[in-house]
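To start, the structure itself, in C-alpha cells.
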Amino acid sequence: MVVAEVKIELKKGVADPEGMNTKKTLKLLGWDVDKVETGKLFEIDLGDNISKEEAKKEVEEMCKKLLANPVIQTYDISIID
C-alpha cells in the first residue's frame, strides 16, 4: 500500500485568524504559548498498484487542482509505503 501524507500550511505573511484566536484562548485558559499556526494534514491511500514516483506525481496534481490554494498556501508531500 502506498500512502501519501500532504501537509498544507499558510505562506509566511498570510494572516491566520484561527491560529491567533486559538493562541488567545489558550492564554486565557492559563497556557503560556508564543505562537499557534493552523494547517491541514491529508493522508491519501493510493493502493498497491502504483509506484512511489507515480504516487508523488498524482498527489502533486491533487494539490494543484484541489487540496491547496497556491496563492496563500504551501504544501509538502511525503510518500509512505
Counting only residues that are in contact with an Asp or Glu (Cβ under 6 Å, 6 or more places away or on another chain), part of a loop (DSSP other than H, G, I, E, B), modelled with pLDDT of 95 or more and within 16 Å of ASP81 (Cα to Cα), the range 1-51 contains a total of 1
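Quick one: which residue in LEU28, LEU46, LEU41, LEU67 is on the phi < 0 side of the Ramachandran plot and touching a residue at least 60 places away in the same chain (Cβ under 8 Å)? Don't jump to the end; show me each part of the working.
Details: LEU28 fails: touching a residue at least 60 places away in the same chain (Cβ under 8 Å); LEU46 fails: touching a residue at least 60 places away in the same chain (Cβ under 8 Å); LEU41 fails: touching a residue at least 60 places away in the same chain (Cβ under 8 Å).
Answer to the selection: LEU67.
One residue is enough: does the range 29-38 have a residue meeting the conditions surrounded by 14 or more Cβ atoms within 10 Å (Cβ to Cβ) and of a type in the set (Gly, Ala, Ser)? So that I can check it myself, show each step before the final result.
Quick first cut of the range 29-38, residues surrounded by 14 or more Cβ atoms within 10 Å (Cβ to Cβ) only: 36, 38.
Cutting the leftovers down to of a type in the set (Gly, Ala, Ser) gives us none.
No, the range 29-38 has no match at all.
The values are calculated or read from the model by the stated rules, or taken from the named source; none is laboratory data. No experiment lies behind these values; they were computed from the predicted model shown. Cβ: placed from backbone, ideal geometry, glycine included. Neighbour counts: every protein chain shown.
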